[in-house]
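To start, the structure under review is shown below, and the notes come after it.
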Amino acid sequence: MFKKILIANRGEIACRVIKTARKMGIQTVAVYSEADRRSLHVKLADEAVFIGPAPSKESYLVMDKIIAACKQTGAEAVHPGYGFLSENEEFARRIEEEGIKFIGPKHYAIARMGDKIESKKLALEAGVNVIPGHNEPISGPDEAVEIAGRIGYPVMIKASAGGGGKGLRVAWNDEEAHEGFSSCVSEAKNSFGDDRVFIEKFVQEPRHIEIQVLGDAYGNYVYLNERECSIQRRHQKVVEEAPSPFLDASTRKAMGEQAVALARAVQYESAGTVEFVVGADKRFYFLEMNTRLQVEHPVTEYITGLDLVEQMIRIAAGEKLAFAQKDIKLNGWSMECRINAEDPFRGFLPSTGRLVKFRAPPGSKSVRVDTGVFEGGEISMYYDSMIAKLIVHGASRQQAIERMRDALNGFVIRGISSNIPFQAALMQHPRFQSGSFNTGFIAEEYAGGFDASMVPHDDPALLAAVAAFARLRYIDRAMKIGGQHPGMGRKITSEWVAVMGGQHYPLVVSRTKGGMSITHGDKTYDIVSDWSFGDQLFTGTVNGQPICLQIERHNLAYRISHFGLQVAPVIMTPHAAHLLSLMPEKAPPDLSKFLISPMPGLLREVSVAEGQEVKAGEKLVVIEAMKMENILKADNDVKVKKIVAQPGASLMVDEVIIEFE
């Protein structure tokens, strides 16, 4: 077994590999860029080597620096994680040529499966079902339009070396095919250094289901059941689960056997994933093979009891698989939510900055948090948006959902926005709970975006009652530290009004042992909690049932987050609430004369000039943030008065880019 390995990656996955290596008694070496100098993976590793500036092209993607770090530290093997160089055939080959073990498949397997065009040909030869399409590189946007028309819309335009949603577009007409081709080429070149693009038929109402495989150097192969990855936004996975609520045992077996046949055909050694698109009739078609560890691997670990990182290390060290297909179990249900740095209430725009508060749910046998960040750390614009992965396990799918909902309630993040409210909304959506969804679920159910109205609460008066509880705790605290003389104390009425979401909730409050009894209409909430100010997490019981929500005081309001809903009740006397209802509303400022950056990022392109007449729908600028290109278009016909920000500028949220006449 290896004595020391180097992790050629960063963040969550680097920390994940370090955890298993430590369990196996293996020393670890981290590499880091300037932006990651104080990152968690650097602190956890036994050694760390600096490899360059923040941009990945100057650090994590530079093979010579990774190899030099191996030689400098005496690392015997390299684990590439996912992303960066993990599916780079040249990197695997060079590592092997240096006499260092690559903890992953052989370079020839990466080359054959990493190229989406060649992999389809190999899949056909191995007897694997494939999707109709044009499997040769496309020379330009005009050819893309011609081929798309021949195949028949909708089509999927994909980078040959793509992955993780990069270099991928769905086109429904000629215009989208033309523009999508150009965007795919640009993203593919920036992310993978390979701008080849191909086109295939887009299967409508598809489900994205993948099979995890393991293979060793002795011809032993197994499949570890499936993962359901159909909950996606912009082709990026949001929620993953194992097993799939859609598959039956016979389909699972057929998909698993085809996945193994493909792995065997390329002499695959390590953990890999064969991705399929599955139609409503349960017919399945090969999409691609990811020749690396997947982000969502923890759900497979939960249902099988296997540590996939450990298996990868053992295979790379020359060991045989210690089990056969008959030994693979399917134990319960597991679910993973990707916690990303993005604002779901602003179109899921990237959010970067410092993690002022980071408090993950406590780990247990049924709750796991994989992360590479810590409180006080920074989410950088240079890398992807993942903050953490929240994984749960239950005896049934319903129990897994309930545990995920509770865990999301207790996940505290401040300083940046996160997609936790959206994840919580997904967990209670009827279609998700029933398992009746496909890859178009988010686009269909949230076509106009996401807002608080899409997160209904079973009992909003409960939130008003909790706010009243907090308000009286605040008053008690203020009186205690105010040093008031006996007989001169503030008189506290028992009648209050919670003003929340434009509605008034009359409340009657009385004190009880360890808490308060709060009545709204004909319903009473007996709240017991030792919550105190400064703690964003409110835990206790309501009518004897446990409750966990997030709350914090902001001026007169108490911001509350519960099951995805975010409200800000203000607790007032009945007279003050009446006076408030008479106040006129202040109109927001008119910003229609400006194009404002909705996110922090790099201004990659300005597509218009001063004095230019622009029609609604025309491209204005391209902003790159967290490795994704975002195109901003004109909402109306406008004339450009002034270009305020130039290409290459680092933009802040709400920074003016263009002024219109």
**Request:** Answer yes if at least one residue in the range 75-89 is over 28 Å from Ser385 (Cβ atoms) and hydrophobic (A, V, I, L, M, F, W, C), and no otherwise.
**Result:** yes
**Complete:** The number of residues in the range 509-542 that are outside any strand (DSSP E or B) and either over 22 Å from Gln566 (Cα atoms) or touching an Asp or Glu at 6+ places or on another chain (Cβ under 7 Å) (or both) is 6
**Asked** What number of residues within the range 628-661 satisfy the criterion of being part of a loop (DSSP other than H, G, I, E, B), farther than 15 Å from Glu613 by Cβ and hydrophobic (A, V, I, L, M, F, W, C)?
**Response** 5
**Fill in**
Subset of the range 382-420, residues closer than 12 Å to Val367 by Cβ and part of a loop (DSSP other than H, G, I, E, B), comes to Gly410, Phe411
**Item:** For Met335: the one exception among (1) free of Cβ contacts under 8 Å to residues at least 60 places away in the same chain; (2) assigned to a strand (DSSP E or B)
**Value:** (1)
**Request:** Restricting attention to the range 121-135, report how many residues are crowded, with 21+ Cβ neighbours inside 10 Å and part of a helix (DSSP H, G or I).
**Result:** 1
**Request:** For residues that are in contact (Cβ under 8 Å) with a residue 12 or more places away in the chain and loosely packed, with under 13 Cβ neighbours inside 10 Å, scanning just the range 563-591, find the one that is nearest to the chain's Cα centre (by Cα).
**Result:** Ser581
**Prompt:** Which residues, counting only those in the range 559-588, are at pLDDT below 90 and under 18 Å from His504 (Cβ atoms)?
**Reply:** Leu580, Ser581, Leu582, Met583, Pro584, Glu585
**One residue from Leu620, Leu595, Leu602 being under 27 Å from the mean Cα position of the chain (by Cα), under 27 Å from Ser351 (Cβ atoms) and either assigned to a strand (DSSP E or B) or assigned by TED's automatic domain parsing to the domain that holds Ile387 (or both)** = Leu602
**Only listed residue being over 22 Å from Gln294 (Cα atoms) and hydrophobic (A, V, I, L, M, F, W, C), chosen from Phe422, Phe323** = Phe422
**Request:** Could you pull out the residue among Glu618, Glu629, Glu610 that is of a type in the set (D, E, K, R), in contact (Cβ under 8 Å) with a residue 60 or more places away in the chain and touching a strand residue (DSSP E or B) at 6+ places or on another chain (Cβ under 9 Å)?
**Result:** Glu629
**Asked** With (1) assigned by TED's automatic domain parsing to the domain that holds Leu472; (2) surrounded by 15 or more Cβ atoms within 10 Å (Cβ to Cβ); (3) at pLDDT below 95 as the list, and Asn555 as the residue in question, which single condition is left unmet?
**Response** (2)
**Request:** For the range 315-337, enumerate the residues that are under 24 Å from Gly372 (Cβ atoms) and either surrounded by fewer than 23 Cβ atoms within 10 Å (Cβ to Cβ) or over 15 Å from the mean Cα position of the chain (by Cα) (or both).
**Result:** Ala316, Ser334
**Prompt:** Ala609 versus (1) crowded, with 18+ Cβ neighbours inside 10 Å; (2) more than 25 Å from the chain's Cα centre (by Cα): which is the lone unmet condition?
**Reply:** (1)
**Item:** Count - residues of the range 428-476 that are surrounded by 21 or more Cβ atoms within 10 Å (Cβ to Cβ), over 27 Å from Asp526 (Cα atoms) and either out of contact with any helix residue (DSSP H, G or I) (no Cβ under 6 Å at 6 or more places or on another chain) or free of Cβ contacts under 8 Å to residues at least 60 places away in the same chain (or both)
**Value:** 4
**Prompt:** If you go through the range 147-168 one residue at a time, do you hit one that is farther than 30 Å from Glu605 by Cα and in a helix (DSSP H, G or I)?
**Reply:** yes
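Examine the range 235-247 for a residue that is among the hydroxyl-bearing types (Ser, Thr, Tyr), touching a residue at least 24 places away in the same chain (Cβ under 8 Å) and within 23 Å of Lys166 (Cβ to Cβ), and state whether such a residue exists. Steps first, please.
First, pick out the residues of the range 235-247 that are among the hydroxyl-bearing types (Ser, Thr, Tyr): 244.
Filter once more, so that each one left must be touching a residue at least 24 places away in the same chain (Cβ under 8 Å): 244.
Then keep just the ones that are within 23 Å of Lys166 (Cβ to Cβ); that gives none.
Checked the range 235-247: no residue is among the hydroxyl-bearing types (Ser, Thr, Tyr), touching a residue at least 24 places away in the same chain (Cβ under 8 Å) and within 23 Å of Lys166 (Cβ to Cβ).
Given the range 8-115, what strands (runs of 3 or more DSSP E) lie entirely inside it while holding 2 or more residues that are surrounded by fewer than 20 Cβ atoms within 10 Å (Cβ to Cβ) and at pLDDT 95 or above?
47-50
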**Message:** Given the criterion in a helix (DSSP H, G or I) and of a type in the set (Phe, Trp, Tyr), identify the matching residue among Tyr285, Tyr302, Tyr268.
**Reply:** Tyr302
**Request:** Report whether or not Gly502 is exposed (fewer than 12 other Cβ atoms within 10 Å of the Cβ) and within 15 Å of Pro569 (Cα to Cα).
**Result:** yes
**Item:** Any helices (runs of 4 or more DSSP H) falling wholly within the range 425-483 and containing at least 1 residues that are closer than 27 Å to Thr539 by Cβ
**Value:** 430-434, 460-482
**Asked** Scanning the range 359-396 for residues that are closer than 25 Å to Leu651 by Cβ and among the hydrophobic types (A, V, I, L, M, F, W, C), which turns out surrounded by the most Cβ atoms within 10 Å (Cβ to Cβ)?
**Response** Ile387
**Message:** Being of a type in the set (A, V, I, L, M, F, W, C), under 30 Å from Asp281 (Cβ atoms), at pLDDT 90 or above and not assigned by TED's automatic domain parsing to the domain that holds Val277: is that true of Phe469 here?
**Reply:** no
**Message:** So the check is Cβ under 6 Å with 6+ separation or different chains; which pairs have a first residue in the range 351-370 that's in the same structural domain as Val295 (by TED's automatic domain parsing) and a second one that's among the acidic types (Asp, Glu)?
**Reply:** none
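The values are calculated or read from the model by the stated rules, or taken from the named source; none is laboratory data. This one's a predicted model, so the numbers in the text were calculated from it and none came from an experiment. Reconstructed Cβ throughout: ideal geometry from the backbone, glycine too, with neighbour counts over all protein chains shown.
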